[in-house]
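First the structure, in the form of structure tokens, and then the observations on it.
Just so it is clear, none of the values below were taken in a lab; they were calculated from the coordinates. Since we're looking at a predicted model, the values are computed, not measured. So basically every Cβ, Gly included, is an ideal-geometry build from the backbone, and we count neighbours across all protein chains shown.
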Amino acid sequence: MEQPTLLRLSGLETGYGAVSVLKGIDLEVRSGEIVALLGSNGSGKTTTINAISGVIPLWAGSVEYNGRRVDGLHPSAIVKLRLVQCPEGRQLFPSLTVLENLKLGGYSRSLSTAEMRTEIDQIYQLFPVLQERRQQMAGTLSGGQQQMLAIGRALMARPTLLIMDEPSLGLAPLLVSQLFNLIGQINRMGTTILLVEQNAAASLKIAHRAYVLESGRIALSGPAGDLLNDARVREVYLGL
Ligand SMILES: Nc1ncnc2c1ncn2[C@@H]1O[C@H](COP(=O)(O)OP(=O)(O)O)[C@@H](O)[C@H]1O
Ligand SMILES: [Mg+2]
């Protein structure tokens, strides 16, 4: 049975200053899905998710989440609705410890000390290395560990919908495959995921459906398996 729509972008347009970037994006994420948003550098992926998260205003169109309009809400109000973005380039607090970064991730939820501890233990189960390094400053972690911390911190907000911006960027190939396994695992544990990536092949293997952005427009979309198996799509859009 088809799941209800969790996120719906309709005719989304925005840009920077006078420069138009997104020229009418229609996109849907249903509960339980991993949806990949693919596209080359500069195609508008980050702009799309910053518009969803309330970081930049819309020029036209709408963002519906859980059946209500959320465009125009403050980013912090959107996080409280459990729509959480794990930003590109990690954006951790480098001079705070691993543990302090995780606590900040739970900040939107006003947890008690005991609840906070339970939640952090769950994150440590998912990422044992974060427990080992809990007193280490985030800025001294390796790239892969920082990425795990960024995901752990986003999970501390208990997302219903987790948006990830290029989580595999800059990671060694072995870490990339671990990361994609982990994203699949987080999804199976009940989190819906909008996955922004340039790594089309790996994303399409774990995603249910995908959209390809090209110069601020959706150039194509469909079930991930169909895109992965279409020779023309592979060559023209995915560079595979
Ligand atoms: N803060 C900004 N100010 C002006 N232009 C921007 C800004 N951020 C992105 N852009 C432009 O918007 C377009 C889309 O960028 P972006 O959404 O970051 O693409 P992607 O995430 O797919 O690489 C690019 O042409 C980029 O140069
Ligand atoms: Mg980007």
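Brief remarks on what is shown
- In the chain, taking the dipole from charged Cβ atoms about the Cα centre, the farthest positive-side position among VAL98, PRO173, LEU22 is held by VAL98.
- Helix 143-155 and the long axis of the chain differ in direction by around 90°, with both axes built from C-alpha atoms.
- Square roots of five times the Cα gyration tensor eigenvalues for the chain, Å: 28, 21, 17
- Hits among lysines - C-alpha to C-alpha of LYS205 under 21 Å, sequence gap 8 or more where chains match: LYS45
- Per-pair calculated FRET efficiency, R0 = 41 Å: GLN135 and ASP26 via Cβ, rounded to 0.05: 0.30
- Cα-based Kirkwood hydrodynamic radius, the range 120-228, one decimal, Å: 15.0
- Between the helical axis of 173-188 and the longest alpha-carbon principal axis of the chain there is an angle of about 90 degrees.
- Couplings for the range 38-48, taken from phi via the Karplus curve 6.51 cos²θ - 1.76 cosθ + 1.60 with θ = phi - 60°, read 10, x, 6, 4, x, 6, x, 5, 5, 4, 4 Hz in order; Gly and Pro are left as x.
- Between helix 113-126 and the chain there is an angle of about 60 degrees, using the helix long axis and the longest principal axis of the Cα atoms.
- Charge dipole magnitude, Cβ of K and R +1, D and E -1 - the chain, Cα centre, debye nearest 20: 400
- GluC sites (Glu not before Pro) restricted to DSSP loop in the range 48-126 with at most 11 other C-beta within 10 Å: none
- Taking every DSSP bridge with both residues inside the chain, close to 55 percent are antiparallel.
- Local net charge near THR5, Cβ-Cβ under 11 Å (Lys/Arg +1, Asp/Glu -1): -2
- Amide H partners (placed H, <5 Å) of LEU220, local residues excluded: VAL212
- Whole-angstrom gap from the range 1-44 to the range 48-70, using each part's C-alpha centre: 9
- Cross-link partners of LYS103 among lysines, defined as those whose alpha carbon lies under 22 angstrom from its own and excluding same-chain residues fewer than eight positions apart: LYS80.
- Whole-angstrom gap from the range 183-240 to the range 86-134, using each part's C-alpha centre: 29
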